[in-house]
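The block underneath contains the structure these notes are about, expressed in structure tokens.
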2 protein chains.
Amino acid sequence: MDPIDPAARQRRAGSRGPARVASVNLRDVAAHAGVSPATASRVFAGGVNVHERTRARVLAAAEELGYVVNGLARAMTGRGPHTMAFIVRAMIGPTFASLAAGVESVTSREGHLLLMSATGGDSEREAELIATLRELRVGAVLLVGSTETDERFVRRAAGYAKDLADVGAPLILCGRPPLAGHPDIASVDYDQRTGMSEAVEELIGLGHRRIAYVGEPRGMTTSELRLDGYGDALARHGIPSDPSLIRVSGNSEEDGARAVGELLASHAGATAVVCMTDNIAVGAYRAARRAGTRIPDELSIVGFDDVPIVSDLTPGLTTVRPPFFDVGVRAAEIALGHSPSGHVLLEPHLVRRGSIAPPSP
Amino acid sequence: MDPIDPAARQRRAGSRGPARVASVNLRDVAAHAGVSPATASRVFAGGVNVHERTRARVLAAAEELGYVVNGLARAMTGRGPHTMAFIVRAMIGPTFASLAAGVESVTSREGHLLLMSATGGDSEREAELIATLRELRVGAVLLVGSTETDERFVRRAAGYAKDLADVGAPLILCGRPPLAGHPDIASVDYDQRTGMSEAVEELIGLGHRRIAYVGEPRGMTTSELRLDGYGDALARHGIPSDPSLIRVSGNSEEDGARAVGELLASHAGATAVVCMTDNIAVGAYRAARRAGTRIPDELSIVGFDDVPIVSDLTPGLTTVRPPFFDVGVRAAEIALGHSPSGHVLLEPHLVRRGSIAPPSP
DNA sequence: CTGAAAGCGCTTACAG
DNA sequence: CTGAAAGCGCTTACAG
């Protein structure tokens, strides 16, 4: 193609890569306005040091030719909006939505763009994503949600942080604690462990001693912290931990229903069940309903997350409400350099509803 | 600054615009490997037509210098990943999350990036966003969710479509019907009107004649389509529409509770209430509980959206389940040119649960 | 398979 | 206030 011929430049690019249609460029506009490209550039860049009449001529030329600044070229020289990336395992549920909304509220206020992707738990895809973001000179990366607790993940994440630092982008962990051995990597979390232990203390305060726990297996930050919080409360009150009261479950409602159903059938004598998530707690309601067990008279139930509508279950679910939106806000502020980097730990909040009561005698 | 001095290039850019740290460029790598920039470029671009030994040398040099391809520069020449933008009013609820997940499942599979933003219903912000996306040469824009039904919005959206077309990017409307008078603008929607009318028919089939409707006021596509669906069903069965049975409400649970509370207090004789959304339906449960009205014996309730957990209300909520995830998938496929542009209308699906029953005699 | 050269589109000291 | 020139970093015919 002849790159000088405007008609030739009009043609669309092939099917790969961004389309290239708006082919009128700064030089065209400058020529049409009878000024140099430098002057035209000044008009679009900031508008300083340009005579008002010149500026009007350039703007008119741009309008007439349908000129659209090429932000890619501009970004190359270090101008234009920052981009922040939000990486999550799966775009699921209110956790994702609230956290994303919190982040977005900051980026949009500052005129920046937000890139979102889900890894599906695939670490190869995760690594590719980080590589792409590096190449695109992303401004910051938020790695969101619970992650594996093993050494492999720590090494991987530390690698991401280093690679991103090479292009000047900070990595911020959200909704999970600081990375062991890497205090330099920022994190914004809510105190899941204390949140859970306070919920359990509430049950203990009501007189419960046979308190069951249903949740996902160890191996992820969230499952460990919440389970540990449960253990903390028992230990603090000298209540021995009874393995027959701890049930492993998936995080779906039906998984929860199955686990709690088995718990009830086992006659382990649980008077209360603490669920790692509201999802599982909803499953507990189902199991209780199926078994003819009354809530809260025969079984108290506690959840975690305060997802919408659990307040309208019968009875309303007592649960721990994490400040997801605020986690997003704080993380975004650190990412943009508005808050100092470091480790933020926000407080969750116990919401008391009808699903708990003293154990029946 | 002396652009030749590597130390000078090392320095970070100012606080505005993307950081510029990874200052080793293709030329540096080429020099270090003893080849021309052209050859080095070939190695990173596709790897074709490069001798295996040369290629290894270049890769080694890149590794050693910590080189990261500048995707911005590459994008300028039409290479690199596409970016798709997802614009929504607010990042709220499962609707947003499911639709986003559907879109993301496609973009990530194809190696593209997804940009998300919320307008907060502010049309100025919306316009700015489109302008920024144009400059960044976005590959496609998805405008998601219900919108105003007035002529002003039609003009605005048509303007966006035209502006985006100038840079080769299609605009796709998601979760709302085609834009009146602009059949060329693609849309992916689910049949809200029929979905609602089928739900009402279900109640009519059970013997209800005094069927109330609670929902947001006209003026938005979703509120109109759902209300029209309600009207369709009544009309089809010769049931006169009674204004005293139609209540305007906000979309929060508490708004719904208030509206349904007033309805019950008005003694308009409703035996069933159809809610524009599950949110409102949950409010209806609250109102019924407060008024001592039994569901479904004294009042049947129907919702729309099938958000999580409504199946676990007591009784489970009968509602219409829209295919949000699939709307996202189809829209993304059209955006990428994998599906022909046009108007897609998916079928929602009535989920029958315990909240409806024949009217008590 | 490889290199020199021109190009993508914009920006920015520098010198008026 | 304005322009010529060099630069950002990468790519791609063209000619070996």
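Each reported figure results from applying straightforward, stated rules to the coordinates on display, with no laboratory input. No experiment lies behind these values; they were computed from the predicted model shown. Note that we place each Cβ from the backbone using ideal geometry, even for glycine, and neighbour counts take in every protein chain shown.
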Cβ-vector label at 7 Å, B:ASP297, separations to other copies in nm: 1.7
Net charge dipole size for chain B [Lys, Arg +1 and Asp, Glu -1 on Cβ; Debye, nearest 20]: 1020 debye
Cα→Cβ-extended label distance, 7 Å offset, between B:ALA180 and B:ARG289, nm: 4.1 nm
Net +/- balance of residues flanking B:MET84 in space, Cβ distance below 13 Å, scoring K and R +1, D and E -1: -1
Beta bridges by DSSP in segment B:192-322, antiparallel share as percent, to the nearest 5: 0 percent
Per-residue mean of C-beta atoms belonging to partner chains within 10 Å, peptide A:313-323: 1
Alpha carbon centroid spacing (whole Å) that separates segment B:25-68 from segment A:57-72: 37 Å
Whole-Hz couplings from phi, Karplus 6.51/-1.76/1.60, listed for segment B:349-361; x for Gly and Pro: 8, 6, 10, 8, 9, x, 7, 10, 7, x, x, 6, x
Whole-angstrom Cα spans of segment A:137-214 along principal axes, big to small: 56, 23, 19
Crossing angle, helix B:52-65 versus chain B [Cα axis fit, 0-90 degrees, rounded to tens]: 80 degrees
Crossing angle, helix B:278-291 versus chain B [Cα axis fit, 0-90 degrees, rounded to tens]: 40 degrees
Other copies of B:PRO37: label-to-label distances in nm, shortest first, labels 7 Å along the beta-carbon direction: 1.5
Tensor-based shape of the protein assembly as shown (alpha-carbon gyration tensor, a/c under 1.5 rounded, otherwise prolate or oblate): oblate
Protection-proxy order for peptides B:118-125, A:74-81, each taking the mean of Cβ atoms within 10 Å per residue, highest first: A:74-81, B:118-125
Highest-fluctuation residue, A:ILE309, A:ILE334, A:ILE204 considered, GNM on chain A with Cα pairs under 10 Å: A:ILE309
At 7 Å out from Cα toward Cβ: B:SER360 inter-copy label distances (nm, ascending): 2.7
Segment B:18-85: GluC sites (Glu not before Pro) falling in loop per DSSP and having at most 12 other Cβ within 10 Å: none
Exposure proxy ranking, count of Cβ atoms within 10 Å, fewest first, for A:VAL88, B:VAL260: A:VAL88, B:VAL260
Between helix A:123-135 and chain A: long-axis angle, C-alpha atoms, 0 to 90°, nearest 10: 30 degrees
Spin-label model distance (nm) - A:ALA45 vs B:GLU110, 7 Å beyond Cα toward Cβ: 3.6 nm
Estimated inter-spin distance, A:PHE325 and A:SER360, nm [label 7 Å along Cα→Cβ]: 4.0 nm
Test item: Cα-centred dipole of the protein assembly as shown, Lys/Arg +1 and Asp/Glu -1 on Cβ, debye: 1580 debye
Cβ-defined net charge surrounding A:GLY256, 13 Å radius [Lys, Arg +1; Asp, Glu -1]: -3
Charge sum, other residues only, whose C-beta stays under 14 Å from B:ASP232's C-beta, Lys/Arg counted +1 and Asp/Glu -1: -3
Dipole axis of the protein assembly as shown (+1 Lys, Arg; -1 Asp, Glu on Cβ), positive-most option in B:ALA270, A:PRO177, A:PRO81: A:PRO81
Part-to-part distance (alpha-carbon centres) for segment A:309-361 and segment B:193-258, which is given in Å: 35 Å
Considering only chain A, percent of DSSP beta bridges that pair antiparallel, nearest 5: 10 percent
